[in-house]
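Input: a single structure, listed below in structure tokens.
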Amino acid sequence: MAKFSIIIVAYNSERHVRQCVESLLRQDFPDYEIILIDNASKDNTSRIIDEYRGKASVKNNDQNLGFSRAVNIGIGMSRGEYALTLNPDVILENSFLSEINKGADRLDNDVGMIGVKILKNNSERVIDSTGLILSRFFRFFDRGSGEIDNGQYDRYTEILGPCAAAAVYKRRMLDDVNMDGEYFDKDFFYLIEDFDIALRARRKGWRCVYTPKAVCYHERNGSSMPYKYRQYFAFRNRYFLIIKNIEIRPGLIFYFIIYDIPRFIFLLFVNVCTLKATVEIWQLFIKMMKKRRRIMEPYKCAKR
């Protein structure tokens, strides 16, 4: 069994995926396996990742299954004690895995997720993410995004969860949150699935710690998905996450009135995909409520 299983889900990623894999092959920590999954790319991504057969396990999907379903396939193929999800437009510093490994064995048993320092892929050391943040309006943000890295996030600390562009998940935690063979919720398809798994894990008593010395660089939107589709997924999946994971309280209705209704009206004018998202929210509402009932069930804290 490898210590780390690195799972890369690629879609139209020919500009980046080779650099990502090569940064893995330069790691100064040898105990890992690489799993490359192509989501039926229309460019040369599949040909590029096929070049790494022998150094990596390769899976070519017949259609674009989305990030969630594809990464679930990768987790199912993996054998590592930890699973590292990695976007194909991420480049790791050579010591990335060794820095994670230094602290992994000393973590408390209830730590199931590890976040890392993700910088934007340029020379200005602009922060992309140092973990996930959930606001009072149930908006979702990357901690420190857009700030210059001046060491303000160089402290080991507990965070809500890691950004799935480069996130480490303990296998025992993944098995604990598994629902009907799913680790990440396939209905999300793309975006906010990392918030969902983090909230579900925390509901079961798992924690996440941030490791600042593990550093990587992220291009963002390496598949060049149009903004209107990313906005559509973000809008729709936010409501999926709220339905599944957020405890109902009086303030929620207040936030909905002052934030969600005006935002919905605005998006109707600027993005026609908002209507499609709204229809899908209603179509899957009962399914999400069934998932909610299972998530909210009292749990027994297993020996970890």
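The values are calculated or read from the model by the stated rules, or taken from the named source; none is laboratory data. This is a predicted model, so every value here is computed, not measured. Quick reminder, even Gly has a Cβ in these numbers, built from the backbone with ideal geometry, and neighbours come from all protein chains shown.
Side notes on the structure shown:
- Residue match in the range 41-64 (condition: under 20 Å from the mean Cα position of the chain (by Cα) and of a type in the set (A, V, I, L, M, F, W, C)): no
- Only helices (runs of 4 or more DSSP H) whose full extent lies in the range 41-125 are considered here, and the ones with at least 2 residues that are under 28 Å from Met225 (Cα atoms) are 45-50, 66-77.
- The set of residues in the range 49-80 that are among the hydroxyl-bearing types (Ser, Thr, Tyr) and under 11 Å from Ile8 (Cα atoms) contains only Ser57.
- Unmet requirement for Asn109, which otherwise passes all of (1) farther than 16 Å from Gly161 by Cβ; (2) modelled with pLDDT of 95 or more: (2)
- Positions within the range 109-133 being of a type in the set (Gly, Ala, Ser) and either surrounded by 18 or more Cβ atoms within 10 Å (Cβ to Cβ) or at positive phi (or both), in sequence order: Gly112, Gly115, Ser129, Gly131
- Taken together, Thr211, Thr278 contain a single residue that is among the hydroxyl-bearing types (Ser, Thr, Tyr), at pLDDT 90 or above and buried (at least 20 other Cβ atoms within 10 Å of the Cβ), which is Thr211.
- Check on Ile75, surrounded by 21 or more Cβ atoms within 10 Å (Cβ to Cβ) and either over 20 Å from the mean Cα position of the chain (by Cα) or closer than 21 Å to Arg18 by Cβ (or both): no
- Look at (1) aliphatic (A, V, I, L, M); (2) assigned to a loop (DSSP other than H, G, I, E, B); (3) in the same structural domain as Arg26 (by TED's automatic domain parsing) and you find that Val209 fails only one, number (2).
- Unmet requirement for Tyr82, which otherwise passes all of (1) surrounded by fewer than 21 Cβ atoms within 10 Å (Cβ to Cβ); (2) touching a Lys or Arg at 6+ places or on another chain (Cβ under 8 Å); (3) under 22 Å from Gln27 (Cα atoms): (1)
- Subset of the range 200-253 [basic (Lys, Arg) and touching a residue at least 60 places away in the same chain (Cβ under 8 Å)]: Arg200, Arg203, Lys204, Arg207, Lys213, Arg220, Arg238
- Residues that are touching a Ser or Thr at 6+ places or on another chain (Cβ under 8 Å) and within 14 Å of Arg238 (Cβ to Cβ) within the range 262-291 comprise Phe264, Leu267, listed in sequence order.
- Among (1) at pLDDT 85 or above; (2) loosely packed, with under 11 Cβ neighbours inside 10 Å; (3) not charged (D, E, K, R), the one test that Asn245 misses: (2)
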